[in-house]
Every structure is written in structure tokens, then in C-alpha cells.
1. Being assigned to a loop (DSSP other than H, G, I, E, B) and at pLDDT below 85 is the filter; apply it to segment 112-143 and report the residue that is nearest to ligand 1 (Cβ to nearest atom).
2. Would segment 224-237 turn up any residue that is within 16 Å of ligand 2 (Cβ to nearest atom), within 22 Å of the chain's Cα centre (by Cα), touching a residue at least 24 places away in the same chain (Cβ under 8 Å) and surrounded by 13 or more Cβ atoms within 10 Å (Cβ to Cβ)?
3. Only one residue in Glu188, Glu109 is within 21 Å of Leu29 (Cα to Cα), more than 16 Å from ligand 1 (Cβ to nearest atom) and not in a helix (DSSP H, G or I), so which one is that?
4. Please specify each residue of segment 187-209 satisfying the condition of being surrounded by fewer than 20 Cβ atoms within 10 Å (Cβ to Cβ) and among the β-branched types (Val, Ile, Thr).
5. Being among the hydrophobic types (A, V, I, L, M, F, W, C), closer than 14 Å to Arg155 by Cβ and within 16 Å of ligand 2 (Cβ to nearest atom) is the filter here, so list the residues in segment 88-120 that pass it.
6. Of all residues in segment 171-223 being more than 16 Å from ligand 2 (Cβ to nearest atom) and among the β-branched types (Val, Ile, Thr), which is nearest to Lys102 (Cα to Cα)?
7. Conditions first: (1) away from ligand 1 (no atom under 14 Å from the Cβ); (2) surrounded by 15 or more Cβ atoms within 10 Å (Cβ to Cβ). Val244 passes all but one, so which condition is the exception?
Amino acid sequence: MISIIIPVFNEEEVLFHLMERLRPVVQGLGRPYEIIFVDDGSRDKSLDILKGFSSQPGVKVVELTRNYGQHAAVFAGFSVSSGDMIVTMDADLQNPPEEIPKLIRTMEEGGFDVVGTIRRERKDSLFRTLPSKVINMVARRITKVKMSDWGCMLRAYRRSVIDRMINCHEQATFIPALATYFAKNVTEIEVEHEERFAGESHYPLRKLINLQFDLVSSFSDFPLKFIMYAGVLMALLGVGFGGVLGVARAVYGAKWAAEGVFTLFAVLFAFVGFQFLALGIMGEYVGRIYREVRRRPEFVIEKIYAAGQAPGIGFQASGKE
Ligand code: UDP
Ligand code: MG
């Protein structure tokens, strides 16, 4: 079975067209499917339209209490989905539904757990694409996975990956990154990208910065460590500066050092440095607490292979594959 998950936030103008294009595609897959719309607290008629869809076969509509954001909405969709393969996509028709069969085919033929996508000729404004470039670069460095386009939500996941994601109760998550973290075989294919059918992007710069921070903070504590590094550097500079002053003063006399004012600066630098260092150490602890609180599993077992019962040992090996 295949689940299609679509987060919807104020997309009243698009929904009918979306359904019109999506329906033949999923029917063409020739297997059971469910389309899950998650209404992320829309303030327009989106929810009413969706409720209308829900009487059609294979359509589920999830209503959230308020606007939680795209990733949380997709997560809500995951939690009620029952497909073996799950496809996420945007409601605004920037991700053409016609690409879904390609995703599924790639996943099945290659035995992949996650199939990501690269938007061929992305049709967005510079305002929207530039921050994405930064996000992509940071995401690649942090997760160490060479995925080229993290932002495109037209993606396919296997059930196992989805279950692992549902099992980690995190507040702020970036689904493509988390999925890659939990998957063994990841690939990406090129897909078409279209202009937004109607309405405007829901991602102003403020939200993008937020998203970036979600991504960085949930995969590394570099920002916390950064303070420590800066502190060490500053303290060292302060001490070095003090040394230079000491020598210069011995050579040129008290007049040169402005009667000790410079020395004061050197001492101050060293202290400010130490303060940052202390802050950084605190940050290090906070980071560890944060990791504890996230309760992300320490490891994930992909599968268990065992050749039935081990002879002579009172131990029942699970007979899975
Ligand atoms: N979306 C959502 N909640 C939000 C913002 C967006 O569910 O708070 C949905 C939106 O309806 C769309 C998808 O997420 O289906 C992507 O949003 P958008 O097209 O605005 O983002 P962009 O294409 O600019 O990345
Ligand atoms: Mg869009």
C-alpha cells in the first residue's frame, strides 16, 4: 500500500486542481493507496474543501488544532499512515504529482529506503532559492550525507524509516535530514519543479532562519561549541597581548604603555575570554542535556538475520529472514 501525505496550509485555490491531477496518478499505480491531507490550521476554506474530499475513497483528512508548521504536519500524517511506502509532497503543485510513479519505481527497483529528489530548474524567486542554498550546504556538512537538495519535499520513504522517525519524540525536526539519518540506502533522482499554482510561499526569511536552526540544532551542537572556541581564542589573544605589552614596557618604559592603560586592556581581554570559555563549558553541558532530552535512539538495527535456532544454546533466535 502507498500513502501520499500532503500538508495543507491556506491552499484553497490549489486543492481542486491538486486532486484532479493526483487522482489519475495514484489510480495508475495499480495498487492500494491512501491520500492523507493534513490541515495545518488553515485560516481559509482549505479545511472545508478537504472535508468534502474525505468522502471519496482512499482519502483521509487530518485536522490539526492550530498551525504547527509543515514538518510537524507531515509528521502527523506519518502517524496515521499505514502504507508500506510513504510519499510526501507539497500541496501547491510545485511538486508535480506525475513524478510519484518514478519515485516508487526507483525505490522498488533499487531497494532504497529513502528516495530524495533534486528540483530540475527550480522555479522560485532568488529570495527563496538563496537561503535554500545555505540550508543545503549546512545540511550536507552536518549530516555528512551527500544529498543535493534537502528542501524538496517530494520524497518517498519506506515504512521502517517512518516508524523510526515516529519513535523519536522531537519537537523540532527537519524530516529529510532525520530520514536520512535513519535510512541505510538513500538515493536521489531529478524531478520537475513548477511555479506555485496560486498563492504565495509560506516561507518568509524569518521562517527559513528558524528552519535552519532546527536543522543545525537537532543534528549538532556546533553553535554551543562555537562559544567555547571563541572564548579560548580570546583568552589566548588576551594573554599574548599582555605578554607583548610586558616586553614592550620593559624596553620602552612606562610612558609608552600609557601608564598602565594598555595593561588593563590585556587583562580585560583575558577575562572576557575566560568568561566565554565558562559559557562554552556550560553550553557543552546544556548540549548534552539536550541530547538526552531528545531521546533519539542510540542506534537503529536495519534488520536481523538469524539462521533459526542456535543449536545447544537455550536461546531463541528470532527467525526473521
Ligand atoms: N505548509 C504547512 N504549514 C505551514 C507552512 C506550509 O503545512 O506552516 C505546507 C503548504 O501548504 C505546502 C507546503 O507546506 O503544501 C510547502 O509550503 P510552501 O509552498 O509555502 O513552501 P515553499 O514551496 O516555498 O518551500
Ligand atoms: Mg511551494
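1. As a first pass, look at segment 112-143 and keep what is assigned to a loop (DSSP other than H, G, I, E, B): 112-113, 121-125.
Those still in the list that are at pLDDT below 85 too: 121-125.
Details: Glu121: 15, Arg122: 10, Lys123: 10, Asp124: 7, Ser125: 9 Å.
Looking at residues that are assigned to a loop (DSSP other than H, G, I, E, B) and at pLDDT below 85, I get Asp124.
2. Filtering segment 224-237 down to residues within 16 Å of ligand 2 (Cβ to nearest atom) leaves none.
No, segment 224-237 contains no residue that is within 16 Å of ligand 2 (Cβ to nearest atom), within 22 Å of the chain's Cα centre (by Cα), touching a residue at least 24 places away in the same chain (Cβ under 8 Å) and surrounded by 13 or more Cβ atoms within 10 Å (Cβ to Cβ).
3. Values: Glu109 fails: not in a helix (DSSP H, G or I).
After applying the criteria, what remains is Glu188.
4. Answer for segment 187-209, where residues must be surrounded by fewer than 20 Cβ atoms within 10 Å (Cβ to Cβ) and among the β-branched types (Val, Ile, Thr): Thr187, Ile189, Ile209.
5. Taking segment 88-120 first, the residues among the hydrophobic types (A, V, I, L, M, F, W, C) are 89, 91, 93, 100, 103-104, 107, 112, 114-115, 118.
If we keep only those that are closer than 14 Å to Arg155 by Cβ too, we end up with 89, 100, 103-104, 107, 112, 114-115, 118.
Scanning segment 88-120 gives Met89, Ile118.
6. Ile189
7. (2)
The values are calculated or read from the model by the stated rules, or taken from the named source; none is laboratory data. Because the structure is a prediction, the values reported are computed rather than measured. All Cβ positions, even for glycine, are placed from backbone atoms using ideal geometry, and neighbour counts span all protein chains on display.
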